[in-house]
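Novice: Here it is, the structure in full.
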Amino acid sequence: MLAPNEEEATRVAMGVKEQYERFHGIEIGEEAVTAAVRASRRFLANRQLPDRALDLIDEAGARLKLRRESEPREVVELRRRIKDTVHKMENAIGRHEFGKAREFSEAESADREKLMRVLEERKAAGVPGNALTAGDIEAVIADRTGAPVAAVRTVIEQAEAGEFERIAKELGAQVPVELREWVAFLAAWLANCSADDAERLAASIRALKKRG
């Protein structure tokens, strides 16, 4: 059975992302799922899609959850109040107490508006929110490889994977497993450089080896 391609893996991951959202208490958009699929295909070649993409989403989600747990008491209290009010509103509707349900709905809306205001202020101050982003996926890969986030982003943004993967496969076959973390970065550069640029790189490597 053939492994799914990126489009198929994205559809599968989108179908199960709700499990990770509930588990970590976060929101996962399509942008983060797409980034996870692309990143996993380029950096985690030892596992099949969509499992390796879900592995990245799970790790990035766990990190985001830890950051959220440091939220100020005001945010925690607002989230708790909204959840409690929604529960009361649903019970009131179930008992056909529509007047009370409307009161709960208005209270919930007021608290949600206040929460959004506080979160926007925190976002403007550089504090992470509740939604998993492509940047969170990039940060996980950067930590795993020891590479700058900008370099990781460059590799993930390789839209045409065919040439990139061919080069990465050929390079990987020549490099010991424990040294393959940087193969993706070199492959990304080679996939976009000219033949002259590649030859200059090879010449520089040969010169350095002679000096050694």
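The values are calculated or read from the model by the stated rules, or taken from the named source; none is laboratory data. Values in this document were obtained by computation on a predicted structure and should not be read as measured data. Note that each Cβ is placed from the backbone with ideal geometry, even for glycine, and that neighbours are counted across all protein chains shown.
Novice: Just to check your reading of the model, which residue among 126, 146 is surrounded by fewer than 17 Cβ atoms within 10 Å (Cβ to Cβ) and at pLDDT below 70?
Specialist: 126
Novice: Considering only residues that are surrounded by 15 or more Cβ atoms within 10 Å (Cβ to Cβ), in a helix (DSSP H, G or I) and within 10 Å of the chain's Cα centre (by Cα), which ones fall in the stretch 21-37?
Specialist: Selection gives 32, 33, 34, 35, 36, 37.
Novice: Assess whether residue 60 counts as being touching a strand residue (DSSP E or B) at 6+ places or on another chain (Cβ under 8 Å), surrounded by 14 or more Cβ atoms within 10 Å (Cβ to Cβ) and within 23 Å of residue 21 (Cβ to Cβ).
Specialist: Against the criterion (touching a strand residue (DSSP E or B) at 6+ places or on another chain (Cβ under 8 Å), surrounded by 14 or more Cβ atoms within 10 Å (Cβ to Cβ) and within 23 Å of residue 21 (Cβ to Cβ)), residue 60 qualifies.
Here is a yes/no grid of residues against (1) more than 21 Å from the chain's Cα centre (by Cα); (2) at pLDDT 70 or above; (3) in a helix (DSSP H, G or I):
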| position | (1), (2), (3) |
| --- | --- |
| 141 | no, yes, yes |
| 155 | no, yes, yes |
| 173 | yes, no, yes |
| 178 | yes, no, yes |
| 181 | no, no, yes |
| 190 | yes, no, yes |
| 209 | yes, yes, yes |
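Novice: Determine, yes or no, whether residue 106 is modelled with pLDDT of 90 or more, surrounded by fewer than 20 Cβ atoms within 10 Å (Cβ to Cβ) and part of a helix (DSSP H, G or I).
Specialist: Taking the combined requirement at face value, the residue satisfies it.
Novice: Do any residues in the stretch 139-154 that are at positive phi have Cβ atoms under 7 Å from those of residues that are surrounded by 13 or more Cβ atoms within 10 Å (Cβ to Cβ) and of a type outside the set (Val, Ile, Thr), where the two are at least six apart or on different chains, and which pairs are they?
Specialist: Between residues of the stretch 139-154 that are at positive phi and residues that are surrounded by 13 or more Cβ atoms within 10 Å (Cβ to Cβ) and of a type outside the set (Val, Ile, Thr), the close pairs are 146/181.
Novice: Return the pair list, or none, for Cβ contacts closer than 7 Å from residues in the stretch 96-111 that are assigned by TED's automatic domain parsing to the domain that holds residue 77 to residues that are among the β-branched types (Val, Ile, Thr) and assigned to a helix (DSSP H, G or I), at least 6 apart or on different chains.
Specialist: 101/93; 104/85; 107/85; 108/82; 108/85; 108/86; 111/82; 111/85
Novice: Let me ask something else about it. On the basis of being within 30 Å of the chain's Cα centre (by Cα) and within 30 Å of residue 141 (Cα to Cα), does residue 113 make the cut?
Specialist: no
Novice: Suppose the filter is of a type in the set (Val, Ile, Thr), buried (at least 16 other Cβ atoms within 10 Å of the Cβ), part of a helix (DSSP H, G or I) and over 29 Å from the mean Cα position of the chain (by Cα); does residue 85 pass it?
Specialist: In short, yes.
Novice: Right, here's the next one. Of all the residues that make up the stretch 56-78, how many are touching a Leu at 6+ places or on another chain (Cβ under 7 Å) and of a type outside the set (A, V, I, L, M)?
Specialist: Count: 1.
Novice: Sticking with this one: Looking at 38, 47, which is the one that is in contact with a helix residue (DSSP H, G or I) (Cβ under 6 Å, 6 or more places away or on another chain) and of a type in the set (Lys, Arg)?
Specialist: 38
This table checks each residue for (1) under 12 Å from residue 137 (Cβ atoms); (2) modelled with pLDDT of 90 or more; (3) not hydrophobic (A, V, I, L, M, F, W, C).
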position: 3; (1), (2), (3): no, no, no
position: 15; (1), (2), (3): no, yes, yes
position: 46; (1), (2), (3): no, no, yes
position: 61; (1), (2), (3): yes, yes, yes
